[in-house]
Amino acid sequence: MPLLAALILVMNLAPADTFVPVRTVKVSQVTGDFDRERKLPTLNLAESRYGVRGIDLGASFEHDGKLVFLFGDTWPVGRHTPDRPIDGDAIAVSSDTNGEDGLHLSFLTADDGKYLAVQIPGVSLKGFEVPNGGFSHGGAMYGFYTTDATWLPNEFFMGRSILGRSTDGKRWEFVRDVSKDKFINISPWAVDASKVAGLPDSKGKGLLMWASGRRYRASDPFLAYTPLDRIHEGSAMRYWAGPDKWSDSEGEAKPLFAHPHIGEISVGWCEPLKTWMMLYNSGEPRGIHMRTAPNPWGPWSEPKIVFNPDDGYGRFMHVSWKDRKVDEVHDPGRENEYGGEYGPYMIPRFFRKTSGGATIYYLLSTWNPYQVVLMRTDLERKPAPVGR
């Protein structure tokens, strides 16, 4: 083993602090008009103001001093037909600096005053073809979208991921195809390469991209990097292929760890804890998982469940009336359909340091009701053992 790789491996095996979730609460229902659990109007009144009857996802990034939220399949008011209940993907912005009193959103609107559905020339954005991450560069906003969704008898695939660009969030242009394999659900994070040792570049601005693959919610996580000034060039992509190794071939990309049940994924730098943080939904074991790492590639901690679905069912996630009637938070006509947790998209701007660790905020989709809620989890730092 090369000396540098051996030194990195030894450093990566050194004990690290761990972070334990001690409390998770729902702060507010972000979308819709009526908080089903609390029976109160929502802050955003998204249905009556913007025509957003239902929505999911909500990956966010910083752009021009504001937070931009890329939402997924949108159920509109008055703009759909029975055979097409979904009308595109909406975008909203916010100037909020903390999440204690909820999340205030302004949706980008069309000429009729209702939300504007994203359109990217030549890209299908029908049901299950959605955004999963974005970033700001050169005065423009960029978004990664999945498209070409394919249903097979017992399996679902996302065909490919693409990169789009917009200067105003309303008019989008196609930049390039990104992947048809391992980099489908992409969570990007812009970095100064000189401050992150071990990247393919030692200077300049770059983009880290964590991702799960094309098999729906059945993937290990992967990592890639590209210089930001070459974001339009697929040939500039470099894929993490193991300790101290980056490859220009996506086929050589290696999983960051083994957990082949990952779906929507959100990764970024947690400033209060000085660590990289990853949230994702998993079916085995069920729940929203958190991992942390000192480097973008790891070593990633063992997962901690920050949200157990049992804590949401009967409160803000619906329990099917076929099993038992314990709540009435369901969408109309969906009394016999379970809700579910997915899309845990972090909002690092809202993260706060506490005396024992940190408080993190993230959006969570609940399926039934088909809405997005703002969640808060308090984390406690557990120092690494001394002398090991």
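The values are calculated or read from the model by the stated rules, or taken from the named source; none is laboratory data. As the structure is a computational prediction, the values presented were derived from the model and not from experiment. Positions of Cβ are generated from backbone atoms using ideal geometry, with glycine treated the same way; all protein chains shown enter the neighbour counts. These accessible areas exclude ligands, DNA and RNA; they are computed on the full protein's heavy atoms, side chains included. Shrake-Rupley method; radii C 1.70, N 1.55, O 1.52, S 1.80 Å.
A few points about this structure:
- Per residue, the accessible area of the range 46-136 comes to 40 Å², computed with a 1.4 Å probe over protein heavy atoms only.
- Cβ-based net charge around LEU279, under 15 Å, with every Lys or Arg adding one and every Asp or Glu removing one: +1
- Fully extended contour minus Cα-Cα distance, from LYS245 to ARG324, at 0.36 nm per residue: 23.2 nm
- Helix-only [θ]222 nm of the chain, DSSP H runs n ≥ 4, -39500 (n - 2.57) each, per residue, nearest 500: -1000 deg cm²/dmol
- Cut-off 20 Å (backbone N to label point 7 Å along Cα→Cβ of SER136), residues of the range 341-356: 345-352
- Using the Cβ-Cβ distance between THR354 and LYS203 with R0 set to 41 Å, the FRET efficiency works out to roughly 0.75.
- Accessible surface of the range 38-121 [probe 1.4 Å, protein heavy atoms]: carbon and sulfur percent: 53
- Accessible area per residue was computed with a 1.4 Å probe on protein heavy atoms; SER179 scores about 10 Å².
- Ranking LEU45, LEU199 by solvent-accessible area of protein heavy atoms (1.4 Å probe, all protein chains present), from largest to smallest, gives LEU45, LEU199.
- Largest-first principal axis extents of the Cα set of the range 57-192 (Å): 45, 43, 30
- Qualifying trypsin sites (Lys or Arg not before Pro) for the range 208-304 [loop in DSSP, other Cβ within 10 Å: at most 15]: LYS245, LYS274
- Phi to ³J(HN,Hα) by Karplus 6.51 cos²θ - 1.76 cosθ + 1.60 over the range 276-292, Hz, x for Gly, Pro: 7, 10, 10, 10, 7, 8, 9, x, 9, x, 5, x, 9, 9, 10, 9, 10
- Among GLU284, GLU264, the sequence by solvent-accessible area, most first, with a 1.4 Å probe is GLU284, GLU264.
- Accessible area in the full protein assembly, largest first, 1.4 Å probe, for TYR313, TYR115: TYR313, TYR115
- 0 to 90° range, to nearest 10: angle between helix 3-13 axis and the chain longest Cα axis: 50
- With every protein chain in place, the range 280-330: carbon and sulfur % of accessible area (1.4 Å): 44
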